[in-house]
Each structure stands twice: as C-alpha cells, then as structure tokens.
1. Could you work out how far apart the two model spin labels at Ala363 and Glu665 are, taking each label as a point 7 Å from the Cα in the direction of the beta carbon, and quote it in nm?
2. Fully extended, how many nm does the chain gain between Leu483 and Thr763 (0.36 nm per residue separation, minus their Cα-Cα distance)?
3. What size of dipole, in debye to the nearest 20, comes out for the chain about its Cα centre when the only charges are +1 on Lys and Arg C-beta atoms and -1 on Asp and Glu C-beta atoms?
4. Peptides 610-620, 547-557: what's the order by average Cβ count within 10 Å, highest mean first?
5. Between the stretch 726-801 and the stretch 145-187, what is the separation of their alpha carbon centroids in Å?
6. To the nearest 10 degrees, how steeply does helix 338-349 sit against the main Cα axis of the chain, on a 0 to 90 scale?
7. Going by alpha carbons, how many degrees (0 to 90, nearest 10) lie between the helix axis of 51-64 and the longest principal axis of the chain?
8. Can you find, among Thr748, Gly768, Ala813, the residue sitting farthest towards the positive end of the charge dipole of the stretch 718-822, where Lys and Arg contribute +1 and Asp and Glu -1 at Cβ?
Amino acid sequence: MTGETKKTKIINALPFGLGVAISFLIAFYIRTVPKAGVFLSNGFVRFGGNDPWYHLRNVESILHNFPNMLWFDAYTQYPEGTHQIFAPLFDMLLATIIWILGFGNPSQDLTNTVCAYYPAFLGALVVIPTYFVAKWLFDRRVGLLAALLVAIAPGQFLSRSIIGFNDHHIAETLFTTVVAMFLIMTLKVLREHPVTFENIKNRNFESLKHVLPYIVLTGLALGAYSLAWYGAVFFSFIIGLYITVQHIVDHMHGRSTDSLAIVGVIIFALPLIIILMVPELSSKSITIKGLIGGIVAFPIMSLISIEFNKRNMRRYYYPLSLAILFFASVIFAKYFSPSIYDLVLRVASYFTWEGGALTIAEASPLLMSGGQFTLQPLWYNFALAGILSFFALAILAYIAIYRHNNREQTFLIVWSVMIIWAMLQQNRFAYYYSVNAAILSAYLGIKVLDLAGWKDIKSPFAEATSSISDWFKQIKPVHAVALVLVVLVLAYPSYDLSTQQNQGTGGPNGYWIEATQWMKYNTPDPGLDYYESYEQPPEGELFPYPDEAYGVMSWWDYGHWLEVIGHRIPNANPFQQGVGGRRGSMDEENKPGASTFFTAPSEAEATAVLEAVHPDPDKAGARYVVSDVEMATGKFYAMAAWTLDTDNYYVQAQTAQGTQTVPGERYFNTMEARLHIFDGDGLEQYRMVHETPAANTAESGYKQVYNALFGGNIEVVNTGYVKIFEYVDGATITGQAPAGEKVTITNTIRTTTGRTFEYSQSTTATDGTYEFVVPYSTEGPMTGQTQFDTAPTGSYKVSFGDTTESVRVSESAVLNGGEIEV
C-alpha cells in the first residue's frame with residue numbers, strides 16, 4: 001500500500017471514527033441522565049433492581065480480600081448460605097478498576113460511584129463492536145448508522161446499562177457483540193485464505209497465519225463471555241448452530257467444510273481452557289460440556305462431508321445424516337452418559353418455565369402481558385428498528401437462499417433468529433437483540449439511501465483532487481431529503497422512547513432503605529463478619545453458623561437489600577433460593593420457604609414452615625419477618641403461584657362498578673394478610689417491632705373489601721409501607737376464670753409512626769383456668785436484643801364478666817417463653 005493510499009484510507013475513515021465517538025458519548029449521556037435518583041441527597045447510593053446490589057456485595061468482598069472472589073456467601077439463604085451465583089469476570093474487573101483508582105485502599109464513596117457508572121460505560125462501549133460488526137458485514141455507512149441506533153436504543157438494553165443498574169447483563173451484550181465482530185472478520189479472511197486439513201497435514205500454515213489472530217480473538221472474547229455469565233453456553237450454542245448450518249450450506253454447494261471445523265475447534269478450545277483455569281467456575285459450568293461437544297462434533301461433520309463427496313452421494317443425504325447422528329447421540333447419552341443427556345435437556349428446557357418461575361418479570365415471554373398476547377413490548381424495546389429488522393432479516397434470508405450465500409451474513413441470520421427465538425421465550429434476551437435490530441435496520445436504511453442515489457455519490461477523498469465542496473456539489477435535494485427521512489424514521493422513535501425511559505433506575509424506595517437501615521442498627525448482630533470470605537462446607541453439609549445467627553424471612557425480591565443494606569441474613573433471595581413451594585408440576589409437595597410461609601392459612605402452619613426451614617429442630621429458620629404492602633397486594637399472587645395453588649385467593653364480587661376480582665376469604669386467612677393487613681393482631685409469637693411511614697397504596701382497598709364482604713370492622717387506612725415483625729417464644733399468661741367464660745386480653749400498640757392499633761386475643765376458660773401466649777413486652781427492649789420502637793402503650797387488660805385485670809410482661813418472658821400467673 002502506497003503512502004498516499006494509506007493516507008487517503010485514514011482520511012476516509014476519520015468521519016466514521018468521529019461518528020462512532022459521538023455515538024459513544026450520546027450513549028453515555030443518555031445512560032447517566034437519572035444520576036440524581038442514584039446519588040441521593042443524604043449520601044446514600046441507590047442501585048437499581050435486585051442483582052446490582054449483590055454485585056456490590058461481591059465487589060466489596062473482593063476489595064476487602066483483594067484479589068480473592070467471594071466463592072461462598074454465608075450472609076444469604078439462611079441456614080444454608082450459597083455458592084457464588086455470578087460468574088467472576090464482571091465483578092473482578094470492576095473491583096480491580098476501583099482498587100487501582102483507590103491506590104489499594106478505596107473508600108466506600110469511590111466504590112459506590114464507580115459501581116454506579118460502570119454499566120453506563122459498558123453500555124456505551126457496545127457502540128464500538130456494533131460499528132465493526134455492521135461495517136464488516138456490509139460497509140462503513142451501515143456501521144455508522146448501526147452505531148447511532150444502538151447508542152439510542154430503548155427498552156431492556158437501556159434499562160440494563162443505565163447508571164446505577166450495576167448488573168452483568170450489559171457485559172453479556174458487550175462480549176457477545178465482540179465475539180460476533182471477530183468471528184465475522186474470521187469468516188471474511190477465510191474467504192481469501194481458506195484453511196484445510198490437507199494444509200495442516202502437510203504443515204502448510206500460510207493460510208492459517210492470516211486467519212489465526214482473528215480466531216484467537218474470537219475464542220478469547222467467547223472465554224471472557226463465559227467468565228461473565230454462567231449461562232454462556234447460550235452463545236456457544238448459537239455459534240455451534242451456525243457452524244452446523246454453514247456445514248450443510250457449504251456441502252450442498254459443493255464447497256469444502258474443512259475451515260469451519262478447524263476454526264470451530266480452536267474457537268471452542270480457548271474458552272474451554274480459560275474456564276478450566278478457574279476451578280470454582282469449572283466445577284459448575286455447563287458451558288464446559290457444550291464446548292467439548294462442539295470440539296468433538298465439528299470435525300465429525302467435516303469428515304462426514306469429505307466422505308460423502310468421495311462417494312459421490314446425493315447432497316441431501318448430508319443434512320439427513322447429521323439429524324440422524326444427533327438423535328442417535330441423544331439416545332446414547334440417555335443410557336450411557338446421563339450428564340451429557342442432562343445438558344441437552346437443560347438447554348432444551350431453559351426457556352420453558354412454569355409456576356412461580358413465570359412470575360419472574362425477566363423470564364416471562366416477550367409478547368405476553370397479563371396472560372394476553374401483545375406487540376407493545378416490541379415497540380417498547382426496539383421502537384421502529386425492531387419492526388424494520390424483521391424485514392431486513394427476510395431480505396437477507398432471501399438473498400442467502402436464492403442469490404448469493406455469504407458466510408458472514410449467514411451467521412448474522414442464524415445469530416438474529418436465535419436471539420429472536422430466545423427473547424420470545426424470555427423477554428430478558430431483548431437486551432441482546434438491540435444490537436441485531438440496530439444492524440439490520442441500519443442495513444435497510446442504507447439500502448433506501450442507495451435507492452435514492454447515495455450509492456453514486458463519491459467520497460470527497462476518493463481522489464487526490466477531490467474536496468469537500470466537490471462532494472457537496474453531488475448532493476441533490478432528493479439525497480438530502482432521503483437522508484433526513486431515513487435518520488428521522490429510524491432514530492427519532494428510539495431516541496424519544498429512550499428519553500422517556502431513562503428517568504429512573506428503580507431499586508429500593510425510601511421506605512425499604514429506611515427499614516433495612518433500621519434493621520442494621522436495631523437488631524442483634526448475627527455473629528458473622530459481613531466482609532469475611534468463609535469457606536464453603538463440604539457437599540451435603542450445612543455451614544456452621546454461630547448460635548446467635550438467624551434468618552430474616554421476606555419475599556425473595558428483597559433478599560439482596562436485606563443483606564447488602566441491612567447486613568442481615570435473608571432466607572430467600574433473588575436467586576430464587578429459599579422460596580420454597582413447588583418449582584414444577586413434577587414436585588409432589590411444597591418445600592418450606594417464603595412462598596409457603598406467607599401463604600400459610602394459620603399462624604401454627606406458618607410457624608411450622610418457619611421451623612422446618614432449619615434442619616435443627618431446636619432452631620427456627622428465621623427470627624424476623626419483613627413484609628411490605630406490595631407483598632400484601634400486587635405480589636401476593638406471585639407468592640401463591642410458587643406453590644402451584646392459586647385457587648380462591650381472589651374471587652369475583654359484584655360491586656357498584658360491576659363484577660370485579662377482589663381478595664377472598666382464603667386470602668384474608670393467610671399469614672401475609674394476618675401480618676400486613678391486620679398488623680399481626682391476635683398472633684401469639686409474632687410482634688411488630690418497626691414500621692415505615694405509609695404510602696398511597698392498595699392496602700386500604702383490601703381493607704374495604706374485608707369490611708364489606710366478610711363483616712370486618714378494621715380502619716380503612718394505609719399503614720406502614722414496610723413492616724418488620726419479630727418471631728418470639730412469647731410469654732404465657734395464665735389465670736383463673738369461671739369455666740366456659742369468654743376471656744379476652746387486649747392492649748393498645750403504638751407504632752414507629754405514632755399510629756395505634758388494638759391487639760387482642762380471646763379464649764374460653766377450661767376447668768376454671770385460661771391461658772394466653774402474647775408476643776409484646778410492656779417493659780421495653782433489653783440490651784443486646786431488638787431495640788423495638790413499636791410497643792404497647794401500657795399493661796395488658798384481661799377481661800371476663802365484670803372482671804378486668806392488668807398484666808405487665810417483661811421482655812425476658814417474651815424472648816424466653818416465661819410464664820406469668822395473674
């Protein structure tokens with residue numbers, strides 16, 4: 001290449017490089033708009049969602065034990081703890097950046113700040129490989145337009161890379177786009193420098209030298225992806241499927257398939273080696289089996305193709321033989337290799353969830369909402385780019401089948417179709433498809449510009465004598481109008497949606513922040529060092545928790561907040577651990593956990609669940625129960641769904657507004673309703689110890705239904721958004737009363753907010769005696785125990801006939817099951 005030619009190429013590339021840089025800055029700006037909702041005025045940093053909090057947990061642990069990963073966490077899923085759920089690269093890379101910026105001793109403020117901006121930076125970074133993917137598939141113009149479109153893409157791609165949403169999902173998108181980028185360049189180079197078995201056999205590595213750098217980069221990128229997500233077998237499967245499809249296409253066209261096998265083996269071998277270098281990861285990574293399967297299968301497919309060509313067998317025999325070989329391998333694995341068969345089943349069933357799992361927002365089908373089919377999520381996630389991408393995909397498929405087969409574009413087709421299939425099953429994969437939608441719609445947009453005459457306009461730097469003014473002279477009104485229309489039609493809807501969707505990051509509201517911080521400072525220390533990296537117990541054994549350790553029962557949504565903000569040990573967490581219930585119709589009975597506790601139809605059955613959570617019969621599974629109004633209203637159905645029994649919690653009732661679905665008697669008997677709707681009134685071993693201020697919620701409506709349909713007489717008001725209860729032994733109060741006499745015990749409870757409610761129980765005297773078990777102390781908290789701020793305003797009143805007696809109850813009696821005789 002002459003110096004002049006190289007200079008011209010650089011000059012030609014400059015506008016596109018500048019365009020990519022601007023797209024990067026636009027992407028970063030859009031993602032950092034809601035920073036005021038992340039960095040609160042009181043200094044608290046609010047991360048979005050659930051999992052970002054656990055990533056913060058991992059990062060904090062790494063920084064306190066640098067450079068060691070938290071492979072076992074004793075601070076969640078009491079009484080078991082959990083192995084590390086997240087693959088390590090996302091958190092290790094983030095922690096290393098923070099450790100360097102903090103000169104080996106970073107402050108909590110620095111940690112929080114970098115963690116908050118990290119996803120926004122990664123999201124903006126996706127712009128770069130998207131440009132190169134589109135450029136190497138088509139041309140620079142498509143690359144630049146694709147870079148702009150992905151920069152302003154709305155939906156899950158935006159929400160999972162917005163400031164404060166520090167989750168590994170955006171790293172998945174980034175790494176898979178980088179994998180695609182290098183794989184496409186590998187396929188392009190193979191066209192000019194094909195690699196064959198014969199070359200390797202004769203030690204002729206000339207062709208391999210040209211393509212090897214891109215093969216290695218593809219493999220390393222796939223390795224990075226495998227270290228960032230345990231489910232990385234997903235994209236490995238896409239690559240494997242592409243190589244299989246391309247084997248068939250090449251064989252049907254009489255082309256050699258050698259290079260596909262050689263490239264595929266090297267690409268899969270590199271991440272396999274990388275994963276095996278991390279023992280804690282390799283011991284539970286299903287990706288390993290998938291990679292080994294590809295390494296074995298690719299050469300076999302090529303050898304079959306070679307043999308069929310030697311024998312001049314009909315070409316359609318080849319795909320038929322591969323199908324027979326696949327099914328035969330599955331049958332063989334079923335009987336002789338259960339682990340391989342299990343992998344096949346797991347991949348096949350990954351997208352088919354049932355029961356409570358379907359209530360996980362990100363796991364629900366893309367085009368279903370409330371059980372109804374809808375196309376709205378397509379617009380929400382991709383705007384017009386999503387719709388146009390399907391037309392572009394159809395055009396490319398037509399070209400590939402009927403005109404010209406191009407390996408790179410075949411990969412784009414397979415890649416896009418598989419992502420579409422995945423996101424239709426689970427909407428979470430929409431953040432993958434944003435890249436495909438940007439590339440495909442950009443391809444269509446440039447095609448429209450070419451039809452308008454842009455393909456005939458020469459670059460201002462195409463010739464040495466050309467200038468910018470010469471280029472402008474080529475532009476006609478039709479060109480300008482076409483350019484404006486294409487950019488506006490493709491870009492404006494996405495940008496408009498993004499500016500609507502980037503106004504907040506989610507995460508714990510002020511009520512939850514206050515409640516978890518209250519727990520941190522007003523409940524006993526669970527006896528574990530939050531930052532300590534404890535050793536995982538042997539298989540089949542429980543972690544040896546100290547005697548003072550305890551669990552906190554709440555719905556799984558809130559487990560990470562309780563752990564990371566409150567420094568307390570949740571029973572259930574967003575990994576769906578500790579949920580209990582039944583995971584599928586094959587489970588015969590409900591397991592103890594959050595779903596079975598909160599849907600229990602009585603206090604006794606709820607307590608039985610709580611005790612069953614811990615394998616030691618002398619220990620309870622939890623000491624505290626935390627409920628919020630969402631659990632008592634909108635989220636209750638999800639809790640019931642995890643038990644696979646949702647009948648009659650909600651019933652049809654005739655109202656002034658017509659027939660409506662309202663909570664039924666079965667709902668009001670549940671432990672969740674007893675705690676949150678009725679404040680724990682009448683419960684023997686559960687006492688409210690704290691509540692946050694109220695909010696305008698559906699709680700009052702539920703109370704109104706209870707009064708109207710079931711003869712209730714409770715005050716129709718909204719109460720604490722979050723309520724914290726303590727499970728105690730309870731103090732036993734005994735006394736004498738005439739046999740058959742109704743005896744009532746009451747007390748007025750004043751909560752944190754100054755609100756009061758009546759606590760009462762009733763019983764019938766038997767053999768001249770009565771007995772109550774009560775959870776509230778009238779004497780205030782003890783040092784080292786719960787520093788409750790919700791308590792009785794005075795003594796208990798025991799009433800029967802014309803007799804009323806006052807009873808004082810000590811905290812010691814409540815905690816230790818003491819007996820008080822009246």
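1. 3.4 nm
2. Values: separation 280, 0.36 × 280 = 100.80 nm, distance 8.14 nm.
Once the chain is fully extended between Leu483 and Thr763, it gains 92.7 nm.
3. Values: 51 positive and 70 negative charges, 1185 e Å.
Using Cβ point charges on Lys, Arg, Asp and Glu, the chain gives about 5700 debye.
4. On the way: 610-620: 16.1, 547-557: 22.6.
Taking the mean over residues of other Cβ atoms within 10 Å, the ranking is 547-557, 610-620.
5. Measuring centre to centre over Cα atoms gives 58 Å.
6. 90 degrees
7. The angle comes out near 90 degrees.
8. Farthest towards the positive end: Thr748.
The values are calculated or read from the model by the stated rules, or taken from the named source; none is laboratory data. Predicted model, so just to flag it, every value in this text is computed and none were measured. Because the Cβ atoms are built from the backbone with ideal geometry, glycine has one as well, and the counts that use them run over all protein chains shown. When the accessible area is computed, the model is the full protein with side chains, heavy atoms only, and any ligands, DNA or RNA have been set aside. Shrake-Rupley method; radii C 1.70, N 1.55, O 1.52, S 1.80 Å.
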